[in-house]
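For reference, the structure discussed in these notes is given below.
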Amino acid sequence: TPMDVSIMTIAARTGFFTNLPILALALASFGIGTTEFVIMGLLPDVATDLGVSIPDAGLLVTGYALGVTFGAPFLAIATSKMDRRRALMMLIGIFIFGNFLCAIAPDYWLLMAARVVTAFCHGAFFGLGAVVASNLVAPQKRVQAIALMFSGLTLANVLGVPFGTALGQEFGWRSTFWVVVGIGIVAAIALYLCLPRRIAASGGSLMAEARALAKVQVIFAMLISVLAAASMFSVFTYITPMLQTVTGISAREVTYVLLLFGAGLTIGNYIGGRLGDWRLMPAIIVTFVLLIAILAVFAETVTNVVPAVATVFVWGVVSFALVSPLQMRVVNEATEAPNLASTLNQGAFNLGNAAGAWFGGLAITQGVSYQDIPWLGAGIAVLALVFSIWSHLMDRRDEVFVETAASA
């Protein structure tokens, strides 16, 4: 009918059908992001239930991150020749199984093992998914496509983490993981229905891809990702006890602060996608400068409720504005190995998560107050800024060399 034709025309012009697979990937990333981040809001509950200290419970964040870091290369190699659709379906299956194990884990060490199993799918899923998403759109919209996929991760912080935290506080932390299992099942169905039937793997050899990863700029890009994540997680891992003990916010009120933080991440993800498609490295450098300033301010505002909550929101915006541009930077610099590089960069992010959580816990154990923890994050961000400027200067040097050679 004419109405049907009109609807189809609008859908085609708006990229609706192109976006369906990316939205399915975003739904899966929502589930993965929820299970990764919700543990921060449940740290006191998990620690009390399992009879461990809060810094020990914080190591569940480290264990997950290390699972991503070391699982990503293994799964990248294991799936390198697989059809991308089949690989993504396998990875979401691992995610569902891992969260099932988390929900039934009877003690701390079995929960740690379950978290590591869940983490195995994380790096490979986001790595492969980012490349698939970027290849479904025009070249000038690739960072925005990655940002759309990662919007699931930001919405996990808007919806999944605060509501998962509230659910865990009300019915026990295990109930949160049961809900995540359900989210994983729905995401698996969406991926099965929406992903293109055949998404071929790259034809290059693993050795050729490995050589591509040895480039200085690829190494720099991954190092910057590590430092960006470490800066965030050195603070965010301990955000719940920080807000409770320093700011004076109750456990229930923390849920609303986490909701606001997630809203900031969502806005930052959108801004980062736009800026990354405009001018990639300058956007990254400016964002790090803002991040350092905001963390320095947070160390002062954390003692007062209203300024602290406002700073948390702005911190969320700036922190996540880095994610999709840094992911695109790695893919751009490793053109001969986009899938492997994208996957390994997820390992780099999570190595930073683990390092940040560990450094934060070590600082607290050594007597650093919760109020001073943001200074640790700011210091790590300074290192990331140095390497970002260095990498950008190398780009400019190479551009000048190419122009000089062309004019000669």
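Data overview
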item: Some residue of the stretch 396-404 being in a helix (DSSP H, G or I), modelled with pLDDT under 85, among the hydroxyl-bearing types (Ser, Thr, Tyr) and more than 25 Å from residue 69 (Cβ to Cβ); result: yes
item: Pick from the stretch 190-214, criterion open to solvent by 80 Å² or more (accessible area, probe 1.4 Å) and in contact with a helix residue (DSSP H, G or I) (Cβ under 9 Å, 6 or more places away or on another chain), ranking: modelled with the lowest pLDDT; result: 200
item: Residue check for residue 263: hydrophobic (A, V, I, L, M, F, W, C), open to solvent by less than 60 Å² (accessible area, probe 1.4 Å) and in contact (Cβ under 8 Å) with a residue 40 or more places away in the chain; result: yes
item: The stretch 50-72, residues that are in contact with a helix residue (DSSP H, G or I) (Cβ under 6 Å, 6 or more places away or on another chain), under 25 Å from residue 341 (Cβ atoms) and open to solvent by 30 Å² or more (accessible area, probe 1.4 Å); result: 66
item: The stretch 107-129, subset within 17 Å of the chain's Cα centre (by Cα) and more than 19 Å from residue 188 (Cβ to Cβ), residue least open to solvent (accessible area, probe 1.4 Å); result: 115
item: Tabulated pairs, the stretch 120-142, first within 14 Å of residue 67 (Cβ to Cβ) and among the basic types (Lys, Arg), second open to solvent by 10 Å² or more (accessible area, probe 1.4 Å) and in a helix (DSSP H, G or I), C-beta under 8 angstrom, 6+ apart or interchain; result: none
item: Residue ID - surrounded by the fewest Cβ atoms within 10 Å (Cβ to Cβ), chosen from residues in the stretch 78-92 that are in contact with a helix residue (DSSP H, G or I) (Cβ under 7 Å, 6 or more places away or on another chain) and farther than 12 Å from residue 123 by Cβ; result: 89
item: Pairs where the first residue, in the stretch 214-234, is without any contact (Cβ under 8 Å) to a residue 24 or more places away in the chain and the second is in a helix (DSSP H, G or I) and open to solvent by 30 Å² or more (accessible area, probe 1.4 Å), C-beta under 6 Å, 6+ apart; result: none
item: Residue check for residue 242: farther than 30 Å from residue 130 by Cα, buried (at least 24 other Cβ atoms within 10 Å of the Cβ) and not β-branched (Val, Ile, Thr); result: yes
item: Within the stretch 360-394, tally of residues that are open to solvent by 40 Å² or more (accessible area, probe 1.4 Å) and touching a Gly at 6+ places or on another chain (Cβ under 7 Å); result: 1
item: Helices (runs of 4 or more DSSP H) enclosed by the stretch 231-309 - at least 3 residues per element that are modelled with pLDDT under 85 and within 22 Å of the chain's Cα centre (by Cα); result: 251-278
item: Count of residues meeting criterion [closer than 23 Å to residue 316 by Cβ and open to solvent by less than 10 Å² (accessible area, probe 1.4 Å)] in the stretch 165-184; result: 4
item: Residue in the stretch 279-293 that is without any contact (Cβ under 8 Å) to a residue 24 or more places away in the chain and of a type in the set (A, V, I, L, M, F, W, C) present; result: yes
item: Failed item, numbered, when residue 138 is tested on (1) closer than 16 Å to residue 322 by Cα; (2) open to solvent by 10 Å² or more (accessible area, probe 1.4 Å); result: (1)
item: The stretch 323-339 - residue that is farther than 12 Å from residue 275 by Cα and not hydrophobic (A, V, I, L, M, F, W, C) and, of those, modelled with the highest pLDDT; result: 329
item: Among the residues listed as 310, 296, the single one being free of Cβ contacts under 8 Å to residues at least 12 places away in the same chain, surrounded by fewer than 21 Cβ atoms within 10 Å (Cβ to Cβ) and of a type in the set (Gly, Ala, Ser); result: 310
item: Yes/no for residue 61 being assigned to a helix (DSSP H, G or I) and either touching a Gly at 6+ places or on another chain (Cβ under 8 Å) or farther than 19 Å from residue 130 by Cβ (or both); result: yes
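The values are calculated or read from the model by the stated rules, or taken from the named source; none is laboratory data. Small disclaimer: the values here were computed from a predicted structure and weren't measured. Virtual Cβ from ideal backbone geometry, glycine too; neighbours counted across all protein chains shown. These accessible areas exclude ligands, DNA and RNA; they are computed on the full protein's heavy atoms, side chains included. Shrake-Rupley method; radii C 1.70, N 1.55, O 1.52, S 1.80 Å.
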